[in-house]
Amino acid sequence: MTGLRVTRDGAIARVTLDRPEVRNAFNAALIADLRSTFDDLAADSALRGVVLAGEGPTFCAGADMEWMRAAFGLSVEENERDAAAMQAMFTAIDTCPVPVIARVQGAALGGGMGLCAVSDIVVATADAWFGFTEVKLGILPAVISTFVLPKIGESHARALFATGQRLDARRAHQIGLVHEVVGDEAALDARIEELLVELRAAGPTAARSAKALVRELRTLEPDAARLHTVSLIARQRTSKEGQEGLAAFLEKRPPGWRD
């Protein structure tokens, strides 16, 4: 794959944007590769977590200028196809059945903000900066908006979408885009490893179901949500994994899924 590196460490996959010469900016090939990669990962029942990273000093600077230049003369219909491809890529990451951890350094701009929005856990260095910078180019953060709004809420989106202003890591943390801020890249890698230990300690099906639950509750009415959650916990408690987890706790031993 051009511009994307995928490695595997047991049950953990590492997906790295590998276009440092353009600050890991998106082009059509990278968008297609990210979508196909996450489609493949979604089908992997042994997977426990994904680390999403960017090679070099920048996590992701948004759209590649050469790609944007090539799109300058496209028709509305051709632009719609490009936008649909990007939306499908973000959806593939958003719906990945296991937790996705974003490792953010340098900057996350435009589409890079979309990557943060579709990740379950975002850890950034203190000197990283962020921005919905599309309006500075006369365009809109339209495709990423459906993923960003559930993350930061309408109030922050209204303030940030229209101005395109840059945010530091502290502000990104305050609005909920970033979950943790660490001092430098050494601390970033150390914290990512700690989080992976936590993921390996969680019941594999429990972690997947817990992630799915958040998405499921978005669309359910209160009564349906109550019925769904009662049924869900009852099934998990009586499952092989649930029984093993309880037995391991009572017997003061690690559960069988720990690696």
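Readers should treat all values here as calculations from the given coordinates under stated rules, not as data from a laboratory. Since we're looking at a predicted model, the values are computed, not measured. All Cβ positions, glycine included, derive from the backbone under ideal geometry; neighbour counts span all protein chains shown.
Label point of T238 set 7 angstrom out along Cα-Cβ; within region 202-216, no amide nitrogen lies under 16 Å from it. In the chain, the DSSP-assigned H stretches of four residues or longer account for a calculated mean residue ellipticity at 222 nm of -16500 deg cm²/dmol, using -39500 (n - 2.57) per stretch and the full residue count as denominator. Separation of region 141-212 from region 55-98 is 20 Å, based on Cα centroids. The lysines whose alpha-carbon is closer than 19 Å to the alpha-carbon of K252, local same-chain residues fewer than 8 away aside, are K240.
When we measure straight from the Cα of K151, which lysines land under 24 angstrom away, once same-chain ones fewer than 8 places off are left out? List returned: K136, K211. For region 203-250, the Kirkwood radius over C-alpha pairs fed into Stokes-Einstein at 4 °C and 1.567 mPa s yields D = 113 µm² per second. One decimal place: the segment D189-R81 gains 35.2 nm when fully extended, by the rule 0.36 nm per residue minus the C-alpha distance.
Charges were assigned to the Cβ only: +1 to each Lys and Arg, -1 to each Asp and Glu. The resulting dipole of the chain about its Cα centre is roughly 680 debye. Between V230 and T163, the modelled labels are 4.7 nm apart [label points 7 Å from Cα along Cα→Cβ]. Per residue, the convex hull around the alpha carbon atoms of region 124-196 comes to 96 Å³. Site-free segments of the chain were taken between trypsin sites (Lys or Arg not before Pro) in DSSP loops having at most 12 other Cβ atoms within 10 Å, sites themselves excluded; the longest one is 1-251.
Once you order the gyration tensor axes a ≥ b ≥ c over the Cα atoms, which shape class does region 20-83 get: rounded for a/c under 1.5, otherwise prolate or oblate by comparing a/b with b/c? In terms of gyration-tensor shape, oblate.
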